Amino acid sequence: VQLVESGGGLVQPGGSLRLSCAASGITFSRYVMSWYRQAPGKQRELVALITSGGNTNYADSVKGRFTISRDNVKNTVYLQMISLKPEDTAVYYCKADSSIRLYWGQGTQVTVSS
């Protein structure tokens, strides 16, 4: 099983990024897919999740700015981020959860700074 995140980088405040997480080795459509983030010195926190049926949920801090989506043909989950703030700086992780098995990606760094 592999979850491979991509799309992170350095962006100025107010900018945008789109993260991708490509999954292999799992029946992707059966998994709840989530994005988490962890800033230095802080606990990992849930950013957004999307169920197998397409229902979504977001942390209050990102509502209206981030959008999670999934492509069950490409086995990929996305996180579109707009109006980025310095406090969004963190390592972003993808998680796949079937309630029986759980997998994490290796993370991708997002830095928001001028």
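The values are calculated or read from the model by the stated rules, or taken from the named source; none is laboratory data. Note that the coordinates shown come from a computational prediction; the quantities given were computed from them, not determined experimentally. Cβ atoms come from the backbone with ideal geometry, glycine included; neighbour counts cover every protein chain shown. Quick note on the areas: whole protein, heavy atoms, side chains included, nothing else; ligands and nucleic acids left out. Shrake-Rupley method; radii C 1.70, N 1.55, O 1.52, S 1.80 Å.
Return a whole-number percent for the relative contact order of the stretch 10-81, with Cα pairs under 8 Å and 6 or more residues apart as the contact set.
Across the stretch 10-81, relative contact order equals 35 percent.
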Exercise. Under 18 Å Cα-Cα from Lys85, which aspartates and glutamates qualify once same-chain neighbours fewer than 8 residues away are excluded?
Worked result: Glu45, Asp60
Seminar exercise, completed: Here FRET efficiency (C-beta to C-beta, Val73 to Ser98, R₀ 25 Å, nearest 0.05) is 0.85
Exercise. Of the chain, which part is the longest with no trypsin sites (Lys or Arg not before Pro) in a loop (DSSP not H, G, I, E, B) and with at most 11 other C-beta atoms within 10 angstrom?
Worked result: 1-41
Exercise. Given the options Gly54, Gly25, Gly15, which has the most mean-square fluctuation in a GNM of the chain, springs set between C-alpha atoms less than 10 angstrom apart?
Worked result: Gly25
Exercise. Taking every eigenvalue of the Cα gyration tensor of the chain, multiplying by 5 and rooting it, what semi-axes result, largest first, whole Å?
Worked result: 23, 14, 13
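Report in % the part of the accessible area of the stretch 48-114 that belongs to carbon and sulfur, leaving out ligands and nucleic acids; probe 1.4 Å.
Within the stretch 48-114, the accessible surface is 47 percent carbon and sulfur.
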Exercise. List the aspartates and glutamates whose alpha-carbon lies under 17 Å from that of Lys74, not counting same-chain residues fewer than 8 positions away?
Worked result: Glu5
Exercise. Based on the Cβ-Cβ distance from Lys63 to Gln2, what FRET efficiency comes out when R0 is 41 Å, to the nearest 0.05?
Worked result: 0.85
Problem set entry | the stretch 58-75 - phi-based ³J(HN,Hα) in whole Hz, Karplus 6.51/-1.76/1.60, Gly and Pro as x | 9, 5, 4, 5, 10, 4, x, 10, 10, 9, 9, 8, 9, 10, 6, 8, 8, 6
